[in-house]
Amino acid sequence: MRLCILSGKDICRILEKYEFYQVRRRGSHIAMQKRLAGSTITVMVPDHKEVRIGTLRSIIRQSGIPRSEFE
């Protein structure tokens, strides 16, 4: 399946379902974090109307969320 064209807000909603939360916002980027036992995952999400596919792939890889959530 192909990845959908998503906005930054859509991506943040998907991340929030997986226990990520917004820690800061600077300019047009939102920092989302998830705490794990002994570590923290931080993902930067551009707050754009359409996030590029390469950027979305990077967010998926960093977050560890199944790709099917973004299709």
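Rule-based calculations on the coordinates, nothing more; no lab input. Bear in mind the structure is a predicted one, so any value in this text is a computation, not a measurement. Here the Cβ positions follow ideal geometry from the backbone for every residue, glycine too, while neighbour counts run over all protein chains shown.
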Read through the list (1) free of Cβ contacts under 8 Å to residues at least 24 places away in the same chain; (2) in contact with a helix residue (DSSP H, G or I) (Cβ under 8 Å, 6 or more places away or on another chain), then give the number of the only condition that VAL51 fails. (1)
In the list ARG13, ARG35, which residue meets the criterion of being free of Cβ contacts under 8 Å to residues at least 12 places away in the same chain and assigned to a helix (DSSP H, G or I)? ARG13
Here's a check for you: in segment 16-45, which residue that is farther than 16 Å from LEU56 by Cβ and among the aliphatic types (A, V, I, L, M) is farthest from the chain's Cα centre (by Cα)? ALA37
Quick one: count up the residues across segment 1-10 that are exposed (fewer than 12 other Cβ atoms within 10 Å of the Cβ) and either assigned to a helix (DSSP H, G or I) or aromatic (Phe, Trp, Tyr) (or both). 0
Taking the conditions exactly as written (of a type in the set (A, V, I, L, M, F, W, C), out of contact with any Ser or Thr (no Cβ under 9 Å at 6 or more places or on another chain) and in a strand (DSSP E or B)), does ILE30 satisfy them or not? yes
Positions within segment 54-71 being exposed (fewer than 12 other Cβ atoms within 10 Å of the Cβ) and without any contact (Cβ under 8 Å) to a residue 60 or more places away in the chain, in sequence order: GLY54, ARG61, GLY64, PRO66
